[in-house]
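Where a number appears in this text, it was derived from the coordinates with a stated rule and is not lab data. The structure presented is a predicted model; accordingly, all values stated were derived computationally and were not measured. As a convention, Cβ positions derive from the backbone with ideal geometry for all residues, glycine included, and neighbour counts pool all protein chains shown.
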Amino acid sequence: MSIFGSLVTWYLKKRIPFVEFMIENPAETQQQVFTKLINQARYTDWGVHYDYKSIKTIRDYKERVPVGSYETHKPYIDRMMKGEQNLLWPTDITWFAKSSGTTSAKSKFIPVTFDSLEDCHFQGGKDALMFYQLQHEGSKIFDGKGLIMGGSHQINKYHEGESYYGDLSAVMMENMPFWAQYFRTPELSIAIMDNWDEKIEKMARATSFEDVTSISGVPTWTLVLIEKLFEVTGKKNLIDIWPNLELYIHGGVSFVPYQNRFKSLIKSSNMHYMETYNASEGFLGIQNDLKRDDMMLMLDYGIFYEFMPMSEYGKEFPQTLTIDEVKTNESYAVVISTNAGLWRYIIGDTIKFTQVHPPRFKITGRTKHFINAFGEELVIENADFAIAKSCEEHGVKIVDYTAAPLHFNEEKIGTHEWLIEFEKQPEDLAHFTETLDKYLKMANSDYEAKRYKDMAMIKPIVKSVPQGTFYNWLRRNGKLGGQHKVPRLSNNRDYIVDIFKHLTVTV
């Protein structure tokens, strides 16, 4: 390892005692975070409205401040984007992370504060590398470059002063410390381009001669870049382009459907994969043990967590649990209060704890991205499992998929319709459909019950769509970029109908 790399490793490992305290004292850590958040925000408009000065306990907070969403915070955020300050958080806010396509059709502008950048997003990135280094002492990851699949940003036209909004990754790259900039590739002018067709081309050409040792990004866009690199270089194994590549840090969507495809494109016994949970609203979790398939909830990043049973969803003052009250294998909606000025904010994801000490979890789906048209309660975790197992059984790979309910006018029963873009087509699509149905039953007992003797649902309909379908759909809708993802499940047919307008499918 280089001298500079050794210094960075030493710096990252200084964090270990703090992480150990967090692991051993989760409730105390969260109490400290809660107290600090309330005290910092007591003189903001929001803090004055809810009289934060008189809040002494977590119970006081739960009884006084309603659980809300982006719409609850939007009036304050709109004012902030016009230049007002001290509304949700006491420090000046000049950056906003633009997010869309996951919880609503409209864009969301999440405030990004200095505190949330330093104590949350950047700390999460540093901790991910620290955990990796602890498990791979011989790593040479800092001897090369880290390729980041970043988004773009632009000047906030609603504010006369210096204010910007863009993808979280672009916001982070613009504000990275010098040592992180040293390790990053490609150059910033390429990394934050907003024309993704041109950007992918330039990224491939600019990085094909770099010594890239790690990649960070959403799987879908990373795969697009890899294919472009193969086209530019004529290679068919990413290791032939970047021989020292050893780590891929991914997040944003489940990696399960993509695992086999990545392994076929990156043929190396020294390649490792790490999942992180870094949303626009905050950095929540890290796969700190690569031998496990869950993530550890990071409790000292300036985020106070509440966990809402799905039976309480939709209530203004629901019963929520703190970190010392959760149980394993129960589905919770995540509610956060953050050092970016979000208060009792439903982030939109559902999780299950696999372990409570230390708290480890898996993302199971979205509060709004599911199919429950017939009482089947199908969530993304079920769908990803069934797709992955079906692909494995049939020896095929997929690019992406989406599914929605299909109702029949002449009958009371219905089914699910799946649009799947295969990289390699199954020999028998009908047989693949039967296999998918089998694994959906295996993953979800409610689905299995509804499928019993075709009484409430019939076998799903799977349609194979042409190569490039989902990429072109995202492009048509102005959703190219790392923050945008194909919606896997929807309880209505809006997405599928829109996709159908521009394609020919194979049944």
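Quick look at the values:
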| read-out | value |
| --- | --- |
| Under Karplus coefficients 6.51, -1.76 and 1.60, residue-wise ³J(HN,Hα) of segment 122-128 in Hz, glycine/proline x | 5, 4, x, x, 5, 5, 4 |
| Share antiparallel - DSSP beta bridges, segment 126-256, percent rounded to 5 | 25 percent |
| Between segment 138-204 and segment 296-325, the alpha-carbon center distance in angstrom | 32 Å |
| Per-residue [θ]222 nm for the chain (sum of -39500 (n - 2.57) over DSSP H runs n ≥ 4, rounded to 500) | -10000 deg cm²/dmol |
| Net lengthening on full extension, K438/S269 (0.36 nm per residue, minus Cα-Cα) | 57.6 nm |
| Mean separation of Cα contacts under 8 Å, 6 or more apart, over the residue count of segment 370-500: relative contact order % | 34 percent |
| Net charge of Cβ neighbours under 14 Å - reference S268; Lys, Arg +1; Asp, Glu -1 | +3 |
| Residues with amide H under 5 Å from that of N288, placed H, sequence gap 5 or more | M296 |
| Antiparallel bridge percentage (DSSP; both residues within segment 370-500; nearest 5) | 65 percent |
| Cα→Cβ-extended label distance, 7 Å offset, between R64 and K236, nm | 6.6 nm |
| Burial ordering of I286, I413, I200, fewest other beta-carbon atoms within 10 Å first | I413, I200, I286 |
| Sites matching trypsin sites (Lys or Arg not before Pro) across segment 130-208 that sit in DSSP coil, with at most 15 neighbouring C-beta atoms within 10 Å | K140, K157 |
| Listed candidates [x] 63, 55, 47; [y] 74, 52, 47; [z] 61, 56, 51 - label of the one calculated as Cα extents along the principal axes in Å | [x] |
| Per-q log10 I(q)/I(0), segment 370-500, q = 0.11, 0.16 Å⁻¹ (Debye; single scatterer per alpha-carbon; no solvent) | -0.37, -0.79 |
| Where GluC sites (Glu not before Pro) in DSSP loops with at most 15 other Cβ within 10 Å are excluded, longest remaining stretch of the chain | 211-315 |
| Long-range amide H partners of Y273 with built H, under 5 Å | Y248 |
| DSSP loop chymotrypsin sites (Phe, Trp or Tyr not before Pro) with at most 11 other Cβ within 10 Å excluded, longest remaining stretch of the chain | 1-208 |
| For the chain, share of DSSP beta bridges that run antiparallel, in % to the nearest 5 | 65 percent |
| Overall form of segment 1-128 per C-alpha gyration tensor (a/c, 1.5; a/b vs b/c) | oblate |
